[in-house]
Structure formats: structure tokens, C-alpha cells
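Below: the structure, in C-alpha cells.
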Amino acid sequence: MESQASALADRVRDLVRQRRIDPRTDAESVRRAAMDAVAEHESRSLTGVVRSLEEPELVVGQIVADVSGFGPLQAHLDDESVEEIWINEPV
């Protein structure tokens, strides 16, 4: 699953470049590109070329956070109940 998400994130980065999207200011367009890439992947999974994603919407959210946000930290940054984030070491 991890390699599929990584390959999809690379595809979305390609789409962002092709469509000339500024990921810092246009996260909604990045989301549309991610949804397009995931839909394309799911279509290919019907032929057996790739495995289907278990939670496509979750993958879309992760890709958007990686491409136009701060990756795994983005969910915490968006959560208004989080007051501070400490990073002890890279993962």
C-alpha cells in the first residue's frame, strides 16, 4: 500500500506541474488532481494491473497533505484543539 500511495503522490506531482497549479495557494486544485489520479488507479485496478485501494478518500487526503501541506503534520495543524506540536526526531 505504501508504494501505491507513493506512486500516486508522484503522479499527482506530475499533474500539478502539467496543470501549472500552485500547491501553496490552490489546495482544491491539488485535491482534484489527486482525485483524478486515484480514479485512474482504481480504473486500472479493474484490469488486475494494480491492486485496488482500501480507502481511496484517505489516500486522496494524504496526497493533498503531502503535496500542498506539511505531510503527516497537516492534520494536527488543521486541528484547532492542538495548541503546540513538538518534534523530537525525524521518523
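Ranked by the mean number of other Cβ atoms within 10 Å per residue, highest first, peptides 30-37, 42-49, 56-63, 2-9 order as 30-37, 56-63, 2-9, 42-49.
When Val50, Val12 are ordered from fewest to most other Cβ atoms inside 10 Å of their Cβ, what list results?
The fewest-first ordering by Cβ neighbours comes to Val50, Val12.
Each Cα pair of the chain feeds into the Kirkwood radius, which the Stokes-Einstein equation turns, at 37 °C and 0.692 mPa s, into a diffusion coefficient of 234 µm²/s.
Distances between placed amide hydrogens fall under 5 Å for Val50 paired with Ser45, all partners being 5 or more residues away or on another chain.
Here, each number is a calculation from the coordinates, and none is a lab measurement. In this text the structure is predicted, and so the values were computed from the model without any measurement. Note that we place each Cβ from the backbone using ideal geometry, even for glycine, and neighbour counts take in every protein chain shown.
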